[in-house]
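Coordinate-derived values only; no laboratory data. Predicted model only: the values in this text are computed from it and were never measured. Virtual Cβ from ideal backbone geometry, glycine too; neighbours counted across all protein chains shown.
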Amino acid sequence: MIEGQLDYLSGIPAFETLMSLVAQNIQVTPEVKLDEKGFTHRVQNFETPELRPRVLFSKRALVRYKCQFDVLNGALVKKSAESLCAGACLLLGKELLLTNRFAGAAFIAHAFEKLRATYMQEDHVFEHMLQGLRENEQGALINFFLPLAHEIGHLERSQALAPADIHSEKFFDTYRINYERIWPIIGDLDYVGSQKNDQSPLFLPLLREEVISDWFAVCAVFAVICKTTKNGEFELLSDFSNLIMFPLVAAFEATCLKEWPSTHFVQEVLLATQCRYSLLIDSMRATAKSIFPKNHAEIDGAITEIVKLYKESLGLIWDCAIQLNSLIRELMRLSDAEVAKYIGDRTSSAQWMPLHSYLLDVLEDSKGYALFESNRIALRRALNSMVNFETVIMTDNGFIAIPKRSDAS
C-alpha cells in the first residue's frame, strides 16, 4: 500500500484509519507513494484492472502548503494585508530564485523591510509536520492528510459518491449565488463565459471535480479524527479553521505567489474559491452534525465564527494581490545588477547579515530543482558581492560591521 519514505506512516493510527475508510467507501485501496521530486500531488490510473490507482504524494507540495498556511494564518491573526504581502514576497522570492529568476532576491529583501524571518529547510518543515502526526495533534493531522484525501477524491469511484445535487444542473446555481455574495470584493465579472473555458478555474467540469474532492476529503478527515482521538474529543473551532484554510491557501497561491496574470484571472480564482467554500462549509456542518447529534448548537456557533474568518481571509487575499501586482511590475523588470542595487538601497545595516544568510540558505535548499550549477555559482557570486563589510565583530547586543575599504583609500 505504501512505498518509499511513507513506510513509517504505517505505524501512525490516523494513516491506517484513513486508508481503511477509503477502501470501505470506494472498494479499492490506492497505492500511496511519497514523491520526493515532484511539485504537485498526482493520481495515476491504470487500464489493467488488477493494478490499483496510485497517488503520488508530493513532499514539496506538502511543505509548500504548510508554509503558505502559516503565512496566511499569521496575517489573519494580525488582520493585516501588509503582513500577508510581506510573507508572500518571501515565498514568491524563494520560488523565483529556485527557478533561475534572480529577481526573487529583491522580493525577499522587500519582505525583510517589513519582517524578520529565519529560513527553515524543506526537510525540517516536513519533519515538523511528521512530529505533529506522531503526537496526534488534530491540526497536524488535517494539514497532512487533507491534501491526500482530496487527491483520492479525484478518483472516479470517489467522485461518484458525491450528493446528487452536485452532479445535477443545480450546480449552476452555485455560480450565481456565490457571485452575488462575493461581488462587493471582486466587482463586476462576466463568469458565464468562464464556465466553458477549460483554462479558467471556473470551468464547470473542473470546479465540480474540485468541489467533490473537497467534500470527500472533509468527510474522510472528520471520520479519521473521530476514530483516532482520545475520548472522542473534537477541537471543533480549531479543526473547522484548519479545514476552511484548504481552499483559501489554494487561492492565496494562485493569486499572490505567481506572476500576475490579470485582474480578470484573480476575480475568477476568488469566485471559484467562494464556490468551493460554500459547499465545503455545508459539508463540514452536515458531517459534524451527523457525528455529534447532541452538539448542533455548538456546531452552528463554530460555523458562524468560520464564516467571519473566511470573509476576512478573502478580503486580505484580494488586498494582498493588488499590492503585489504593483510590486511585481516593478521588480520583475530588474536586471541582476539592478537587483543587487535594489537590495543595497533597501536593506538597513542591521538586516544585512540575516538577509544574506537567508538568501544563501535558499540556495542550499535548491537540490533537485532546475537550478543549473553555473547559475548557482553566479547567484552565489552575486550574493557575496552584496556584502558591504569585510569584518564583523560580534557583541552582546548584536554585531558591528566594518565597511569595506574603497580602492581609492
Proximal lysines relative to residue 308, as straight alpha-carbon distance under 16 Å, when same-chain residues fewer than 8 apart are discounted: 78, 79
Using Cα positions and a limit of under 19 Å, work out the aspartates and glutamates in reach of residue 196, with same-chain residues fewer than 8 apart set aside. 169, 173, 188, 209, 210, 268
Cα centroids of the stretch 284-341 and the stretch 88-124: how far apart, whole angstrom? 20 Å
Within 10 Å of each candidate Cβ there may be at most 12 other Cβ atoms; applying that plus a DSSP loop requirement, which trypsin sites (Lys or Arg not before Pro) in the stretch 241-350 survive? 294, 333
Using the charge dipole of the chain (Lys, Arg: +1 at Cβ; Asp, Glu: -1 at Cβ; taken about the Cα centre), state which of 323, 189, 213 has its Cα farthest towards the positive end. 323
Between residue 34 and residues 5 or more places away or on another chain, which pairs have amide H atoms under 5 Å apart, with H built 1.01 Å from N, and which residues are they? 3, 5, 6, 57
Of all DSSP beta bridges in the chain, antiparallel share, percent nearest 5: 55 percent
The lysines whose Cα lies under 27 Å from the Cα of residue 33, excluding any fewer than 8 residues away in the same chain, are 59, 66, 94, 227, 367
Go through 62, 88, 27 and say which Cα lies farthest out towards the positive end of the charge dipole of the stretch 1-99; charges sit on Cβ, +1 for Lys and Arg, -1 for Asp and Glu. 88
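Let's see if you can work this out: charge +1 on each Lys and Arg Cβ, -1 on each Asp and Glu Cβ, no other charges. What is the dipole magnitude of the chain about its Cα centre, in debye to the nearest 20? Provide the component values of the computation, followed by the final result.
Working: 41 positive and 52 negative charges, 94 e Å.
The dipole magnitude comes to about 460 debye.
Could you give the dipole magnitude of the stretch 158-331 about its Cα centre, charging the beta-carbon of Lys and Arg +1 and that of Asp and Glu -1, in debye to the nearest 20?
Values: 15 positive and 23 negative charges, 73 e Å.
Approximately 360 debye in magnitude.
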